[in-house]
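K.L.:
Dropping a structure here in C-alpha cells format, bear with me for questions.
The values are calculated or read from the model by the stated rules, or taken from the named source; none is laboratory data. All values derive from a computational prediction rather than experimental measurement. Glycine gets a Cβ as well: all are built from the backbone with ideal geometry, and neighbour counts include every protein chain shown. Just the protein is used for accessible areas: all its heavy atoms, side chains included, with ligands, DNA and RNA removed. Shrake-Rupley method; radii C 1.70, N 1.55, O 1.52, S 1.80 Å.
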Amino acid sequence: MISDAQLSDQGLAPAGKGRVLLIACGALAREILALKAANGWDHLDLTCLPANLHLHPEKITPAVEAAVRKHRADYADIFVVYADCGTGGQLFEKCKELGVEMVPGPHCYSFFEGNDAFAAHADSEITAFYLTDFLVRQFDAFVWRPMGFDRYPELVQTMFGNYEKLVYLAQTDDPALDAKAREAAARLDLAYERRLTGYGDLTAVLSKL
Amino acid sequence: MADEDDIILSELDDEELVLQMHDDLYDGMKEEIEEAVGILLDRNWTPYDILTKALVAGMTVVGNDFRDGILFVPEVLLAANAMKGGMAILKPLLAETGAPRMGKMVIGTVKGDIHDIGKNLVAMMMEGAGFEIVDLGINNPVENYLDTAEREGADIIGMSALLTTTMPYMKVVIDTLKEKGLRDKYLVLVGGAPLNEEFGKAIGADAYCRDAAVAVETAKQMLSRRHNQMSA
C-alpha cells in the first residue's frame, strides 16, 4: 500500500487504466481507492497531488490546472476531487474555465460529514478543529510540526487558545485512529469528540461518474 | 553565575544595546527585552524612543524576514511575545509622556472566525506606531464594528479573517456602513491569509494589507492624505 508520507510529499501517479481520471488530493487517496475497490469502479483511474499543498492553499489551483492540462488528452473525462480547500473560489473558477467538474463544498471535512449536515452546524461549531483519518495519521506532519509545536510547545495556547474541541470525523471505524485522535486532542488541550461519517458525499459524487 | 559568552546587557552602550534588542526580539527572548527596556528607561531614554528605535525597528526586521520567507509564523509569534513584554512596560509611560497619537483603530476578526494571530500582530504594530487600538477580539458581527467605531470616534475599522468561508462577511460590514451613510467616515482596512488585493477592491475596502507592516504604512499614508484633503 502507498505510504502516507508519499501521498503527503509526492502524490500518486495514475495507473493508466480507465476512461475517467480523478485528480485528487493525496489526503483522499486511500478513501477513493477503497470506494473504487468496494464498488468495482474500474472505469475510474486516480492520480493524486501531494497532500502537503494544503500547507500553502494558494498552490492548489495552479497544481490542479497543470495536472488537468497534462492528462486531459489521455482520458475521456477528468474529475477534480478537491473541494474549495482554502482557495477562496479560485479552484472552482479554474475548473469552470477548464471545463471539468469538482466536488462541491468548502473542504473535505464538510463533504465527509455531508455538506448539508456540516453547514447546519457550522455556525454553532466555530471553535471546533477537525481531523479526518488521513489527518489523524499525519497529525505531526500536518499540524504539530508546521505550527512549530515540536520546537515551541508554548505556542499551542497562542494558536489553539480559541478552539474548544477537536472533532475527529472518522471515515473508518478504527480504534487505533480513535486513540491517536484522542491523544492529539489532549496535546492541543482540547475536548475530544469522534463522529463516524464514513465517506459522506464522496460516495454519491463518485458514483455518478 | 553567567557563562563567559553571556552578554551583560547593562554593560553595553546605548547603540550596542539597541542592536542587541533587535537580535533578542528576532530570537523571541522576552525576558531580555524586558530587562533592556528597563535599562534604557534608567538611562533616561523616552518611552517613545525605546518603542520606535528598539522595539518597532526590531520587529520590522522580523516582519521583513517573514515576508521574504526567512522566518515562519512560530518565530514571528515568539518575537511578538517578546515585544509585548516590552510594550507592557512602556504603555503606561507612553500615555504619561504624551507620545504622538496617529489615530484610533477598531479592529477585530469577523463573525464565524476565531483566528486572531494576524489580527493581534497588526494591533500590536499599529499600537507601536502610535495608533490607539480598540480590539474587538474574535467572531464579531457587523454591529460590533459599527457601534464601537461610532462610540469610540475611530478613524479606522480593521477586519481580519483566516477562512475563505468567513472572509465574505467583510463585505457585509462594508455594505452596512454604506447603508447607514457611514462608509466615508472610516478607513476600512482588511487582511488575512486567504485575502488578496483583488478581494479587497471587490468588497469595497480602502485597502488590503498583506501584513502588519503594510497595515501600519497604509494607515499612516491614508490618514495623512485624508487630513491634507480636509485642511485643503
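K.L.:
Between B:Leu19 and A:Asp42, what's the calculated FRET efficiency when r is the beta-carbon distance and R0 is 60 Å? Round to 0.05.
P.N.:
Plugging the Cβ-Cβ distance into 1/(1 + (r/R0)^6) gives 0.35.
K.L.:
What nm distance separates the two modelled labels at B:Asp42 and A:Asp123, each placed 7 Å from Cα along Cα→Cβ?
P.N.:
5.7
K.L.:
What longest region of chain A stays clear of trypsin sites (Lys or Arg not before Pro) that DSSP places outside H, G, I, E and B and that have at most 10 other Cβ atoms within 10 Å?
P.N.:
The longest such stretch corresponds to A:18-207.
K.L.:
Placing one identical point scatterer on every Cα of chain A and ignoring solvent, what is log10 I(q)/I(0) from the Debye formula at q = 0.10, 0.13, 0.14, 0.16 Å⁻¹?
P.N.:
After summing over all Cα pairs, the log10 values are -0.43, -0.73, -0.85, -1.10.
K.L.:
When only alpha-carbon atoms count, how far does segment B:55-101 stretch along each of its three principal axes, as whole angstroms with the largest first?
P.N.:
Cα extents, longest axis first: 38, 18, 12 Å.
K.L.:
Counting only protein heavy atoms and a 1.4 Å probe, tell me what percentage of segment A:16-103's accessible area is made up of carbon and sulfur.
P.N.:
Here carbon and sulfur together make up 51 percent of the probe-accessible area.
K.L.:
In addition: Which value in nm describes the separation of the simple spin-label points at A:Lys59 and A:Ala204, placed 7 Å from the Cα toward the beta carbon?
P.N.:
Between A:Lys59 and A:Ala204, the label points sit 3.4 nm apart.
K.L.:
Using R₀ = 30 Å, calculate the FRET efficiency as 1/(1 + (r/R₀)^6) where r is the Cβ-Cβ separation of A:Gln157 and B:Lys104; round to 0.05.
P.N.:
Given R0 = 30 Å and the Cβ-Cβ separation, E is 0.55.
K.L.:
Right, another one. Dividing the alpha-carbon Rg of the protein assembly as shown by 2.2 N^0.38 Å yields what?
P.N.:
Ratio of Rg to 2.2 N^0.38 Å for the protein assembly as shown: 1.12.
K.L.:
Could you give me D for chain B, from Stokes-Einstein at 10 °C and 1.306 mPa s, where the hydrodynamic radius is the Kirkwood radius over C-alpha pairs? Units µm² s⁻¹, please.
P.N.:
86
K.L.:
Sticking with this one: Under a 5 Å amide H to amide H cut-off, with H placed in plane at 1.01 Å, what residues pair with B:Thr166 once short-range neighbours are removed?
P.N.:
none
K.L.:
Another one. For the pair B and A, how large is the buried accessible area, both sides, in square angstrom to the nearest 100, if the probe is 1.4 Å?
P.N.:
1300
K.L.:
Ordered by residue, what ³J(HN,Hα) values in Hz, to whole numbers, does segment B:138-153 give under the Karplus form 6.51 cos²θ - 1.76 cosθ + 1.60, where θ = phi - 60° and Gly and Pro are x?
P.N.:
Working through the residues one at a time gives 10, 6, 9, x, 3, 5, 4, 5, 5, 4, 5, 4, 5, 5, 8, x Hz.
K.L.:
Report Rg (one decimal) and Dmax (nearest whole number) for segment A:75-159, counting Cα atoms only, units Å.
P.N.:
16.2, 52
K.L.:
So, one more: On the Cα set of segment A:113-196, report Rg and Dmax in Å, please.
P.N.:
Over segment A:113-196's Cα set, Rg and Dmax evaluate to 12.8, 39 Å.
K.L.:
Calculate, for the protein assembly as shown, the solvent-accessible area per residue in square angstrom, rolling a 1.4 angstrom probe over the heavy atoms of the protein chains.
P.N.:
47
K.L.:
In square nanometres, what is the average projected area of the Cα convex hull of segment B:132-214?
P.N.:
Averaged projected area of segment B:132-214's Cα convex hull equals 5.1 nm².
K.L.:
Report the gain in length on full extension from B:Ser10 to B:Ile70: 0.36 nm times residue separation, minus Cα-Cα distance, nm rounded to one decimal.
P.N.:
18.6 nm
K.L.:
May I ask you to compute the full-extension gain from A:Asp116 to A:Val20, defined as 0.36 nm times their residue separation minus their alpha-carbon distance, rounded to one decimal in nm?
P.N.:
Here the answer is 31.9 nm.
K.L.:
When all C-alpha to C-alpha distances in segment A:16-103 are sorted into bins of 5 Å, what percent of pairs does each bin hold, rounded to whole numbers?
P.N.:
3, 15, 27, 26, 17, 10, 2
K.L.:
I need the phi-derived Karplus couplings for segment A:200-209: 6.51 cos²θ - 1.76 cosθ + 1.60, θ = phi - 60°, integer Hz, Gly and Pro marked x.
P.N.:
Here the 3J(HN,Hα) series is x, 5, 4, 4, 5, 5, 6, 5, 7, 7 Hz.
K.L.:
Which residue, A:Tyr163, A:Tyr192, A:Tyr152, tops the fluctuation ranking in a GNM of chain A built on C-alpha contacts under 10 Å?
P.N.:
Result for chain A, Cα springs under 10 Å: A:Tyr152 fluctuates most.
K.L.:
Measure off 7 Å from each Cα along the Cα-to-Cβ vector at A:Ala34 and B:Leu93, then give the distance between these two points in nanometres to one decimal.
P.N.:
Result: 6.0 nm between the two label points.
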